[in-house]
Amino acid sequence: MKLNKKALDNAKYFDIKKLIDNEDDIVNPFNKDEIFKILNNTTGNLHYFIFIMFYTGIRPGELISLTWNDIDFEKKRMAVDKTTFQGKVGNVKTQSSVRYVDILPQLESKLKELKSINGNFDYLLLNQSKKPFYSHDVLNFRFKKLLKQIGIKERNIYNLRHTFASYMIS
């Protein structure tokens, strides 16, 4: 069946409306008080995950793929050139996503703290079995549960990336 122009325009409108109505796609950064509350109520790998996302803005899959070889404390930067999806480490989203991310002073001290804990392993962040994360889904689940416990409106962990971008712009 062939759609006429009006039908196509209506279909595009409803697709766009669906996107707009989808709360997962809404940029909803955390404010400073929320970030401090989140960080003060987390420990372990979730704490480091949130901290690193907040101070770098890298994608969750990129973060769980980071190894200590990607961290250059001397040049104060980290190489982002891979991502993890369903347990497989592969290429980042696009070729332009291959980049260096600056290590801010607050992040440097947190990374050194993490290195004293996980420095004998290849990956920065490890699950309870001391293995790399299969995906960031378990961290997103724990993140949403934490937000509910501390009384912050539920959002996906990806909003930490938006939060970083918002703070850098301001």
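The values are calculated or read from the model by the stated rules, or taken from the named source; none is laboratory data. Computed from a predicted structure; not experimentally measured. In this analysis, Cβ positions are derived from the backbone assuming ideal geometry, glycine residues included, and neighbour counts consider all displayed protein chains. What goes into the accessible areas is simple: the full protein's heavy atoms, side chains included, and nothing from ligands, DNA or RNA. Shrake-Rupley method; radii C 1.70, N 1.55, O 1.52, S 1.80 Å.
Take VAL98 and decide whether it is modelled with pLDDT under 95, more than 15 Å from the chain's Cα centre (by Cα) and surrounded by fewer than 19 Cβ atoms within 10 Å (Cβ to Cβ). Taking the combined requirement at face value, the residue satisfies it.
From GLU108, GLU113, GLU62, GLU34, grab the single residue that is among the acidic types (Asp, Glu) and under 15 Å from the mean Cα position of the chain (by Cα).
Working: GLU108 fails: under 15 Å from the mean Cα position of the chain (by Cα); GLU113 fails: under 15 Å from the mean Cα position of the chain (by Cα); GLU34 fails: under 15 Å from the mean Cα position of the chain (by Cα).
Answer to the check: GLU62.
Against the conditions (1) loosely packed, with under 15 Cβ neighbours inside 10 Å; (2) under 15 Å from the mean Cα position of the chain (by Cα); (3) touching a residue at least 40 places away in the same chain (Cβ under 8 Å), LYS93 satisfies every one except (3). Do we have any residue at all in segment 56-74 that's closer than 29 Å to LYS153 by Cα, open to solvent by 40 Å² or more (accessible area, probe 1.4 Å) and either hydroxyl-bearing (Ser, Thr, Tyr) or in contact with a Ser or Thr (Cβ under 9 Å, 6 or more places away or on another chain) (or both)? Yes, some residue in segment 56-74 is closer than 29 Å to LYS153 by Cα, open to solvent by 40 Å² or more (accessible area, probe 1.4 Å) and either hydroxyl-bearing (Ser, Thr, Tyr) or in contact with a Ser or Thr (Cβ under 9 Å, 6 or more places away or on another chain) (or both).
Cβ-Cβ distances below 8 Å connect the following pairs, each with a first residue in segment 119-131 that is part of a loop (DSSP other than H, G, I, E, B), a second residue that is loosely packed, with under 14 Cβ neighbours inside 10 Å, and a separation of six or more residues or different chains: PHE121/LYS130; ASP122/ASN69. All conditions but one from (1) free of Cβ contacts under 8 Å to residues at least 60 places away in the same chain; (2) under 20 Å from THR67 (Cβ atoms) apply to LYS148; the one that does not is (2). Taking the conditions (1) at pLDDT 95 or above; (2) closer than 15 Å to ARG161 by Cβ; (3) not in a helix (DSSP H, G or I) in turn, ILE52 satisfies each one other than (3).
Can you find even one residue in segment 27-34 that is open to solvent by 10 Å² or more (accessible area, probe 1.4 Å) and over 22 Å from ILE152 (Cβ atoms)? No.
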